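S.K.: The following block contains the structure, expressed as structure tokens.
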Amino acid sequence: MPIGAITRGTTNTNRLRRVDRWIAAQAVLRQTSDPLVVDLGYGASGVTAFELHQRLAKSRAEVEVVGLEISPDRVQTARAQLKTVRAGATGFAADARVSFALGGFETPLPRGRRAAVIRAFQRTATVRRV
């Protein structure tokens, strides 16, 4: 079982654009030999991973984005969105190097690869009554 907790998944289109542009400007992305980026906990839709790839590809054309979610239903939704992207029916590049997988904070990646960058944002608050 992936490590983490399912959240509301409310990240909307263009919400992370400033963070994406900041990541694109970082030397680690430009200098790494394996430009693999993880969008950890992308939410109810895979759009943030597609947007992340689109923005980072301007700095590093061969960037690859792996969206990881703890919810199997969200992974299924994002993979269906990926089919639509591959069909050329969206504004995202049909050949975008984006994939989706089940995972959490352990960030499972294929073939023992390591991410150059992990983007992870969580908007939850925990209140403890004492």
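The values are calculated or read from the model by the stated rules, or taken from the named source; none is laboratory data. Computed from a prediction, not measured in an experiment: that's the story for all the values here. We place every Cβ from the backbone using ideal geometry, glycine too, and count neighbours over all the protein chains shown. Accessible surface areas use protein heavy atoms only, side chains included; no ligands, DNA or RNA. Shrake-Rupley method; radii C 1.70, N 1.55, O 1.52, S 1.80 Å.
S.K.: Evaluate E = 1/(1 + (r/R0)^6) for A80 and V28, where r is the Cβ-Cβ distance and R0 equals 22 Å; express this FRET efficiency to the nearest 0.05.
M.R.: 0.10
S.K.: Further question: Suppose R0 equals 22 Å; then what is the FRET efficiency for A61 and R21 from their Cβ-Cβ distance, rounded to the nearest 0.05?
M.R.: Computed FRET efficiency for A61 and R21 comes out at 0.85.
S.K.: If I ignore ligands, DNA and RNA and count only protein heavy atoms, how much of F100 is accessible to a 1.4 Å probe, in Å² to the nearest 10?
M.R.: Solvent-accessible area, nearest 10 Å²: 10 Å².
S.K.: What distance in nm separates the two pseudo spin-label positions at N14 and T90, each 7 Å out from Cα along the beta-carbon direction?
M.R.: Result: 1.7 nm between the two label points.
S.K.: HN-Hα J couplings of segment 46-53 from phi, Karplus 6.51/-1.76/1.60, θ = phi - 60°, integer Hz, Gly and Pro as x?
M.R.: Along segment 46-53, the couplings run x, 4, 5, 5, 5, 5, 4, 4 Hz.
S.K.: Excluding D34 itself, calculate the net charge of residues whose Cβ lies under 13 Å from the Cβ of D34, where each Lys or Arg counts +1 and each Asp or Glu counts -1.
M.R.: Residues close to D34 contribute a combined charge of +4.
S.K.: Would you mind getting the accessible area per residue of segment 1-119, heavy atoms of the protein chains only, 1.4 Å probe, in Å²?
M.R.: 54
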